[in-house]
Amino acid sequence: MATATQHQPEFRGDAGQPGTVVATYDSYVEAEQAIDRLSDAKFPVENTEIVGRDLRLVEQITGRMTLGRATLLGLGAGAWFGLLIGVLIGIFTTTTSAWAAVIAWGLVIGALWGAIIGFVAQAAVRGRRDFSSQSQIVAAHYDVTAPQAYVSRAHDLLA
């Protein structure tokens, strides 16, 4: 939901231009759609910003983290890294069998070290963090700002 604002603080963007709040939205998607409407109306959107206010960290718990799960996740990550290293080193081999052997050894060594690192890392926390999660920063409100010279036009286009 957009609300028009008259006396909001100014923000200073990367370009060093002060921006005045044109509208406030409850979701990022709404603010993004407002910028899209301005762009469709040939408004100079390179002078606008979306500013998140009242930030909070939201951590979504995705599951339990056991030593076994940490070891398996480390094994998978290490295998991918080992595969990448094996392919890069394999470029310099002269035969197909040597190329395959380098890739296979890279995969095996990467998986082994990844599993060891995953196990040791989880064991090191000693039960203080037995879960996995994903974090994101979320704002309570999103302000669309524009330089003072463009505020009136932006406000008219978003009304």
Rounded to the nearest 20 debye, dipole of the chain from Cβ charges on Lys, Arg, Asp, Glu: 880 debye
Residue among 137, 157, 44 farthest towards the positive dipole end of the chain, charges placed on Cβ: 137
Those trypsin sites (Lys or Arg not before Pro) in the range 12-87 that DSSP places in a loop and that have at most 14 other beta carbons within 10 Å: 42
Rounded if a/c under 1.5, otherwise prolate or oblate - the range 43-98, Cα gyration tensor axes: oblate
Near-label residues of the range 19-40 by backbone N, under 20 Å of a point 7 Å along Cα→Cβ of residue 141: 19-35
Simple spin-label estimate for residue 87 and residue 124 in nanometres, 7 Å along Cα-Cβ: 2.9 nm
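Are there any trypsin sites (Lys or Arg not before Pro) in the range 98-159 that are in a DSSP loop and have at most 14 other Cβ atoms within 10 Å? List them by number.
Values: sites: 126, 128, 129, 153; in loops: 126, 128, 129.
Hits after loop and neighbour filter: 126, 128, 129.
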Label zone at residue 131, where the point sits 7 Å out along the Cα-to-Cβ direction: the range 63-94 residues whose backbone N lies under 12 Å: 63-65
The chain - Rg (one decimal) and Dmax (whole number), Cα, Å: 25.5, 71
DSSP-loop chymotrypsin sites (Phe, Trp or Tyr not before Pro) across the range 28-123, with at most 10 other Cβ within 10 angstrom: 92
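Every number here is computed from the coordinates shown, using simple stated rules; none is lab data. All figures in this text were calculated on a predicted structure; none of them were measured in a lab. Here the Cβ is made from the backbone with ideal geometry for all residues, glycine too, and neighbour counts use every protein chain on show.
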